[in-house]
Amino acid sequence: MTALIYTLGVLVFVVGVIVSIALHEVGHLYPAKKFGVKVTQYFVGFGNTVWSTRRGETEYGLKSIPLGGYVKLVGMLPPEKEQDPATVRDSNTGLFTQLAADARHAEYETITEADQDRLFYKLPWWKKVIVMAGGPMVNVAISVVLFAIVLMGFGMLTPTTTVAGVSDCAITDAEAGRACTDEDPVTPARQAGIVPGDRIVAFNGEQITSWEQLTGLIRGNSDREATIVIERDGQRIAEQVPTTVIPRVSLEDPERTEEVGFLGVEPVQEQVRQGPVVVGEVMWGQVQATAEAIARLPVRMVDVTRAAFGAERPNDGPISVVGASRVAGELVTINEPTWAERAQRLMMLLASLNLFLALFNFVPLLPLDGGHIAGAIWEGLKRGWARMWGRPDPGPVDVARMLPVAYAVGGILIIMSVILIYADIVNPVRLS
């Protein structure tokens, strides 16, 4: 049964990835067609064509490798200046010039006179931004919807002010999990007689409404005397005990520790439905963490490369779709979750993936969407500057000049993908 659920989790995740890719491409397709651009192909996946059908001038289909997708927008590259759009120079000198000329020739050999007013490069710069940003923004929308369903529909485990457990001894976070010894000091909570099921209602005269509030008061109390009011079996009991001071992980910076007050209680966690504000806060935290992960990706790839050849694989490093599929399988089987918990875990994984795809595609480098967006914005700035100073229109930004960068970045991404997939096969990330 476990193997069946594992396989089902993987399949659901893979389908979710394919749907996310398909909708990403719709984010490019829809505004492009609305702005009159000729779109000849819409495909999900790469490699050999598995299935396709033609609707009007556009061919829609699926390819064999579901690791991406593309929409063919006619006229992405502008013609060379002072040249008929349907022709290119017969000869070029220099490797980069030849690359641009070859790409331009391939672009225009199928363009007819009837297509001249429907070429992508002729769009105003702001329409180009909308078309190219449409894909990543769809991923953002998917992420928002999935986070909202999980947090507002199912709820989020939230610590309450009811005590779930009382620690026997006061030890640091680094020593957590070891057995207490006679040399370890007894926790203030144990001294005060607090037991599981007690609800802490006041601390030093301040009414307690949340676990976060209580944590701040305990940590800030240092080793001073504390008056704690608990509710037990409908009765309120006041206890006095000094909190102790031990090194604990900082709430603001998990990389450092600080000397803070310690009581020694753990809260009961309850599934609580959240509001839109919490959804926004959670997503903002995810955005920050994802942006940091993307910035550190080159460094983390060194660790993954070492892991691919026998070194220990860090659990918080980058993974491929293959690795993410493995994680999906483990998420729906680890700790024997309920079906509701399985659904939540898969949706959170897909939400995080869509957020990563969005932010990664916004990186301002070709062939990523962000490279085209940056080019369109630069075009708008150049043309606006020219109008301001009464100078001739500089024309559209020639994306073909950046093709060497696009090829280099594309090559690096392919190499990274191969390394990640290989590492996820021979030395995968495991949750247990």
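The values are calculated or read from the model by the stated rules, or taken from the named source; none is laboratory data. A quick note: this is a predicted structure, and the numbers were derived from the prediction, not measured. All Cβ positions, even for glycine, are placed from backbone atoms using ideal geometry, and neighbour counts span all protein chains on display.
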(message) Looking for something under 30 Å from Ser143 (Cα atoms) and not small (Gly, Ala, Ser) - is there at least one such residue anywhere in the stretch 235-251?
(response) yes
(request) Sort out which residues of the stretch 383-408 are buried (at least 17 other Cβ atoms within 10 Å of the Cβ) and either modelled with pLDDT of 90 or more or small (Gly, Ala, Ser) (or both), and write them in order of number. (result) Arg383, Ala400, Ala406
(message) I'm trying to understand the selection: among the residues of the stretch 391-416, which are in a helix (DSSP H, G or I) and free of Cβ contacts under 8 Å to residues at least 24 places away in the same chain?
(response) Ala408, Gly411, Ile412, Leu413, Ile414, Ile415
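Of the residues that sit in the stretch 34-55 and are out of contact with any strand residue (DSSP E or B) (no Cβ under 6 Å at 6 or more places or on another chain) and surrounded by fewer than 20 Cβ atoms within 10 Å (Cβ to Cβ), which one is farthest from Leu349 (Cα to Cα)?
The extreme case among them is Gly36.
For the stretch 291-382, which fully contained helices (runs of 4 or more DSSP H) count at least 3 residues that are under 25 Å from Leu157 (Cα atoms)? First the steps, then the outcome.
Working: elements: 297-308, 321-331, 339-361.
Because the criterion is at least 3 residues that are under 25 Å from Leu157 (Cα atoms), the helices (runs of 4 or more DSSP H) in the stretch 291-382 that meet it are 321-331, 339-361.
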(message) I need the full set of residues from the stretch 256-290 which are in a helix (DSSP H, G or I) and charged (D, E, K, R), in order please.
(response) Glu281
(request) Taking the residues in the stretch 56-82 that are of a type in the set (Val, Ile, Thr) and surrounded by fewer than 19 Cβ atoms within 10 Å (Cβ to Cβ) as candidates, determine which candidate is farthest from Val19 (Cα to Cα). (result) Thr58
(request) Any residue in the stretch 147-174 that's in a strand (DSSP E or B): show its pairings with residues that are of a type in the set (Phe, Trp, Tyr) at Cβ separation under 7 Å, as long as the two are six or more apart or on different chains. (result) Pro159/Trp211; Thr160/Trp211; Thr161/Trp211
(request) Would you check which residues across the stretch 202-240 are basic (Lys, Arg) and under 35 Å from the mean Cα position of the chain (by Cα) and list them? (result) Arg219
(message) Among the residues in the stretch 172-189, are any closer than 25 Å to Glu270 by Cα, surrounded by fewer than 17 Cβ atoms within 10 Å (Cβ to Cβ) and in contact with a strand residue (DSSP E or B) (Cβ under 6 Å, 6 or more places away or on another chain)?
(response) yes
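Find the residue count for the stretch 1-17, including only residues that are loosely packed, with under 15 Cβ neighbours inside 10 Å and within 20 Å of the chain's Cα centre (by Cα). Explain how you work it out, then say what you get.
Going residue by residue through the stretch 1-17, those that are loosely packed, with under 15 Cβ neighbours inside 10 Å are 1-4, 7, 11, 15.
So of that shortlist, the ones also within 20 Å of the chain's Cα centre (by Cα) come out as 15.
Selection size over the stretch 1-17: 1.
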(message) Taking the conditions exactly as written (modelled with pLDDT under 90 and either under 22 Å from Gly16 (Cβ atoms) or among the charged types (D, E, K, R) (or both)), does Glu379 satisfy them or not?
(response) no
(request) Tell me which of these Trp126 doesn't satisfy, since it passes every other one: (1) part of a helix (DSSP H, G or I); (2) surrounded by 13 or more Cβ atoms within 10 Å (Cβ to Cβ); (3) in contact (Cβ under 8 Å) with a residue 24 or more places away in the chain. (result) (2)
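Condition check ((1) surrounded by fewer than 17 Cβ atoms within 10 Å (Cβ to Cβ); (2) farther than 22 Å from Val426 by Cα; (3) of a type in the set (Ser, Thr, Tyr)) across all residues:
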| position | (1), (2), (3) |
| --- | --- |
| Glu312 | yes, no, no |
| Ile319 | no, no, no |
| Arg326 | no, no, no |
| Asn335 | yes, yes, no |
| Trp339 | yes, yes, no |
| Leu350 | no, yes, no |
| Leu355 | no, yes, no |
(message) For the stretch 345-367, give me the residue count where each residue is touching a residue at least 40 places away in the same chain (Cβ under 8 Å) and over 16 Å from the mean Cα position of the chain (by Cα).
(response) 3
(request) Output the number of the condition that Pro276 fails; it satisfies all remaining conditions of (1) surrounded by 14 or more Cβ atoms within 10 Å (Cβ to Cβ); (2) farther than 20 Å from Val166 by Cα. (result) (1)
